[in-house]
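One structure below.
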């Protein structure tokens with residue numbers, strides 16, 4: 001079910017990274033995962049890589065600029081905008097104002113609240129992976 005390119009995860013919490021990686025491994029996700037602590041680090045990667053990116057999974061709460069500001073930066077860059085990289089928020093901070101902003105002011109393809117239960121989080125990530133394995137978009 002995989003499409004080419006890495007899954008870019010923007011998550012500064014080491015425990016959350018371990019949790020997500022366990023899920024991706026248990027789901028036998030073929031795509032490599034690239035983990036970044038900040039939006040700035042991801043921007044450097046996205047602007048210099050020639051590889052396609054499967055999708056970006058980003059937390060809202062990040063050091064420095066938050067996830068919303070990072071997404072605005074992606075949207076404002078003509079090169080990245082043309083790449084049409086699917087962008088999904090996955091955050092423990094799922095306040096309605098963040099959700100409203102994400103969908104009304106930027107181009108996001110999903111907003112999910114982190115689940116505390118491993119089984120619930122695994123089911124959610126499996127659903128996201130399955131959806132994007134079937135979805136068509138310009139650069140896949």
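The values are calculated or read from the model by the stated rules, or taken from the named source; none is laboratory data. Everything numeric in this text was worked out from a predicted model, so none of it was measured. So basically every Cβ, Gly included, is an ideal-geometry build from the backbone, and we count neighbours across all protein chains shown.
In this structure, does residue 62 turn out to be within 22 Å of residue 99 (Cα to Cα) and either in contact with a helix residue (DSSP H, G or I) (Cβ under 8 Å, 6 or more places away or on another chain) or touching a residue at least 12 places away in the same chain (Cβ under 8 Å) (or both)?
yes
Can you go through 57, 46 and tell me which one is surrounded by 15 or more Cβ atoms within 10 Å (Cβ to Cβ) and in contact with a helix residue (DSSP H, G or I) (Cβ under 7 Å, 6 or more places away or on another chain)?
46
Table: residues versus (1) in a loop (DSSP other than H, G, I, E, B); (2) in contact with a strand residue (DSSP E or B) (Cβ under 9 Å, 6 or more places away or on another chain); (3) on the phi > 0 side of the Ramachandran plot; (4) at pLDDT 90 or above.
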| site | (1), (2), (3), (4) |
| --- | --- |
| 35 | no, yes, no, yes |
| 43 | no, no, no, yes |
| 50 | yes, no, no, no |
| 108 | yes, yes, no, no |
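Across region 112-138, what is the number of residues that are closer than 21 Å to residue 60 by Cβ, in contact (Cβ under 8 Å) with a residue 24 or more places away in the chain and part of a loop (DSSP other than H, G, I, E, B)?
1
Considering only region 1-19, state which residues are under 18 Å from residue 85 (Cβ atoms), out of contact with any strand residue (DSSP E or B) (no Cβ under 6 Å at 6 or more places or on another chain) and modelled with pLDDT of 95 or more.
Correct list: 11 only.
Can you name the residue in region 110-121 that is under 15 Å from the mean Cα position of the chain (by Cα) and under 18 Å from residue 24 (Cβ atoms) and, of all such residues, is modelled with the highest pLDDT?
So the residue we want is 121.
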